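Heads up: the structure comes next, in structure tokens.
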Amino acid sequence: MANQRAKLTWTEDQIPVSGQFDDPYYSLQNGLEETRHVFLAGNDLPARFVPGFRIAELGFGTGLNLLTAWSAWEASGQTTPLHFTSFEAYPMAPDDMARALACFPELAPWADRFLAHWTGAACTLETLQFEMVQGDARQTLPRWNGVADGWFLDGFSPAKNPELWGAELMQQVADHTVSGGTAATYTAAGFVRRGLAEAGFTVTRSPGFGRKRHMTRAVRA
Ligand SMILES: C[S@@+](CC[C@H](N)C(=O)[O-])C[C@H]1O[C@@H](n2cnc3c(N)ncnc32)[C@H](O)[C@@H]1O
């Protein structure tokens with residue numbers, strides 16, 4: 001399954017929907033605000049940003065989460081690179097990323113800079129050290145040598161993409177998180193929360209974005 005391109009359809013609002021998983025890439029209500037609520041605030045960002053901070057992500061998709069985090073990193077005054085590693089099995093074509101990201105004009109300065117340098121693997125800019133690890137995260141994450149201070153767990157919904165939320169993968173997430181590090185996700189599915197708890201995270205439910213009642217925040221002991 002590795003190295004296959006994402007298959008997409010588009011809503012009238014230009015939100016990409018996965019043909020492989022029959023699920024939109026982000027909230028139909030407001031993807032940017034969802035990312036800020038779930039992944040930034042869910043990991044206590046930007047408050048925890050310090051030079052050398054490392055974010056890792058399951059599911060790169062359009063790059064919306066990356067660009068939202070990177071723009072917050074710069075806005076918080078950081079001048080060294082944010083380290084961001086994302087695991088992705090079905091990379092999107094850059095033209096599709098650009099089409100999706102055009103809906104978020106606020107992010108245009110970061111989207112333009114990123115897409116101008118992005119060749120499909122690693123990408124180094126003054127304030128960003130980015131790497132996409134291609135392939136099924138169940139195979140690639142166990143081989144990853146890095147660790148993260150904060151995780152963005154952003155697979156498609158657990159009902160449609162259960163392989164990205166299983167207990168073994170949550171253990172791998174924990175094993176690749178520093179002590180005191182965090183993870184956040186939009187879902188509050190019981191099996192995901194249990195998997196994170198069994199892997200060594202202290203897990204809490206907090207208010208979700210938009211129509212979602214709950215989301216999940218996790219802190220590694
Ligand atoms: C909800 S989308 C991610 C949205 C993204 N974070 C963004 O900012 O646009 C979920 C992503 O997980 C990827 N994915 C699904 N199963 C995977 C797997 N087993 N390993 C790695 N990536 C996977 C999909 O291809 C998709 O890009």
Checklist outcome for this item: Going through region 41-58 in order, the residues found to be within 13 Å of the ligand (Cβ to nearest atom) and surrounded by fewer than 21 Cβ atoms within 10 Å (Cβ to Cβ) are none
Next on the checklist: Being among the hydrophobic types (A, V, I, L, M, F, W, C) and farther than 20 Å from Leu40 by Cα narrows it down to one residue among Ala174, Ala137, Ala218, Ala148; which is it?
Outcome noted: Ala137
Checklist entry - Would you pick out the residues in region 168-221 that are open to solvent by 20 Å² or more (accessible area, probe 1.4 Å) and touching an Asp or Glu at 6+ places or on another chain (Cβ under 6 Å)? => result Val178, Phe209
Checklist entry - Among (1) open to solvent by 60 Å² or more (accessible area, probe 1.4 Å); (2) assigned to a loop (DSSP other than H, G, I, E, B), where does Ala6 come up short? => result (1)
Checklist entry - Considering only residues of region 122-161 that are surrounded by 15 or more Cβ atoms within 10 Å (Cβ to Cβ) and assigned to a helix (DSSP H, G or I), which is nearest to the ligand (Cβ to nearest atom)? => result Ala137
Checklist entry - If you take the residues in region 75-91 that are in contact (Cβ under 8 Å) with a residue 60 or more places away in the chain and assigned to a loop (DSSP other than H, G, I, E, B), which one is farthest from the ligand (Cβ to nearest atom)? => result Pro91
Checklist entry - Among all residue pairs at least 6 apart or on different chains, which show Cβ distances below 6 Å where the first residue, located in region 172-196, is touching a residue at least 12 places away in the same chain (Cβ under 8 Å) and of a type in the set (Gly, Ala, Ser) and the second is open to solvent by less than 40 Å² (accessible area, probe 1.4 Å) and assigned to a loop (DSSP other than H, G, I, E, B)? => result Ala174/Ala199; Ala174/Gly200; Ala189/Pro158
Checklist entry - So which of Ala69, Ala2 is at pLDDT below 95, of a type outside the set (Lys, Arg), out of contact with any helix residue (DSSP H, G or I) (no Cβ under 6 Å at 6 or more places or on another chain) and within 14 Å of the ligand (Cβ to nearest atom)? => result Ala2
Next on the checklist: Go through (1) more than 8 Å from the ligand (Cβ to nearest atom); (2) touching a helix residue (DSSP H, G or I) at 6+ places or on another chain (Cβ under 9 Å); (3) farther than 23 Å from Ala174 by Cβ for Thr11 and report which single condition fails.
Outcome noted: (2)
Checklist outcome for this item: Of the listed residues (Ala108, Ala100), the one being open to solvent by less than 30 Å² (accessible area, probe 1.4 Å) and modelled with pLDDT of 95 or more is Ala100
Item to check | Residues of region 21-31 that turn out to be modelled with pLDDT of 95 or more and either surrounded by fewer than 20 Cβ atoms within 10 Å (Cβ to Cβ) or more than 16 Å from the chain's Cα centre (by Cα) (or both), as a count | outcome: 4
Checklist entry - What is the residue count in region 63-89 for residues that are closer than 24 Å to Gly166 by Cβ, touching a Lys or Arg at 6+ places or on another chain (Cβ under 9 Å) and open to solvent by less than 10 Å² (accessible area, probe 1.4 Å)? => result 1
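The values are calculated or read from the model by the stated rules, or taken from the named source; none is laboratory data. Bear in mind the structure is a predicted one, so any value in this text is a computation, not a measurement. For neighbour counting, all protein chains shown are included, and Cβ atoms are generated from backbone atoms with ideal geometry for every residue, glycine included. Surface accessibility is based on the protein's heavy atoms, side chains included, excluding ligands, DNA and RNA. Shrake-Rupley method; radii C 1.70, N 1.55, O 1.52, S 1.80 Å.
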